[in-house]
Amino acid sequence: LVPAGITPSSRRFYEAVVAGCIPLLLADRFEPALAALLPVESYTVRARQKRPEELPAVVAKALRRYDELAAALRAVRPALVLPLGLRAVPGGEVVAHDAVVALVAEAYRRYPRRAAKGCA
C-alpha cells in the first residue's frame, strides 16, 4: 500500500518497486518519478483515497490483470531503482540500464534545447 503522505513522493512506493511488488496507490495526486516516460497505470493500481470502501473491488480487478502488471513492473523497475553496479557484457563493453540512464533521458526530454546545445 502506498497511502498519500505530506510530500509529493513516497518512500513506500519505491520500497514496493524495490521489493518487486505492484504498488497500490491510495493517493489521488501521487505521481512517481519519470511518470512521463514510464506510464504509471501500466505497473501500478490506484484506488481513490477518499473512497476506501472501493478497495476490495479495485484489488479484485487488479488481480485479474496481475500478469500484465507484474510484467510492466519488471520492465520499469531498472529505471526506478538505483543500480548496485555496472554490468559487463561479452566483448568488454559496459552497459548500464538503470536509474542513471532514465534520469539522463528525462533531462533530455524536459530540456531538449539545452541538450541540443550541449549544455548541462
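Out of LEU26, LEU38, LEU34, LEU1, one residue alone is more than 10 Å from the chain's Cα centre (by Cα) and open to solvent by less than 70 Å² (accessible area, probe 1.4 Å). It is LEU26. No other residue among VAL59, VAL18 is farther than 20 Å from ILE6 by Cα and over 16 Å from the mean Cα position of the chain (by Cα) apart from VAL59.
Close Cβ contacts (under 7 Å, 6 or more residues apart or on different chains) running from residues in segment 50-67 that are within 13 Å of ILE22 (Cβ to Cβ) to residues that are of a type in the set (Val, Ile, Thr) and surrounded by 10 or more Cβ atoms within 10 Å (Cβ to Cβ) comprise VAL58/VAL45; ALA62/VAL45. Of the numbered criteria (1) modelled with pLDDT under 75; (2) under 16 Å from the mean Cα position of the chain (by Cα), the one ARG87 fails is (2). In segment 24-46, the count of residues that are hydroxyl-bearing (Ser, Thr, Tyr), in a helix (DSSP H, G or I) and touching a helix residue (DSSP H, G or I) at 6+ places or on another chain (Cβ under 8 Å) is one or more. Of all residues in segment 56-75, one or more are closer than 28 Å to TYR108 by Cα, open to solvent by 50 Å² or more (accessible area, probe 1.4 Å) and not β-branched (Val, Ile, Thr).
The values are calculated or read from the model by the stated rules, or taken from the named source; none is laboratory data. This one's a predicted model, so the numbers in the text were calculated from it and none came from an experiment. Cβ atoms come from the backbone with ideal geometry, glycine included; neighbour counts cover every protein chain shown. We work out accessible area using only protein heavy atoms, side chains counted, and drop any ligands, DNA or RNA first. Shrake-Rupley method; radii C 1.70, N 1.55, O 1.52, S 1.80 Å.
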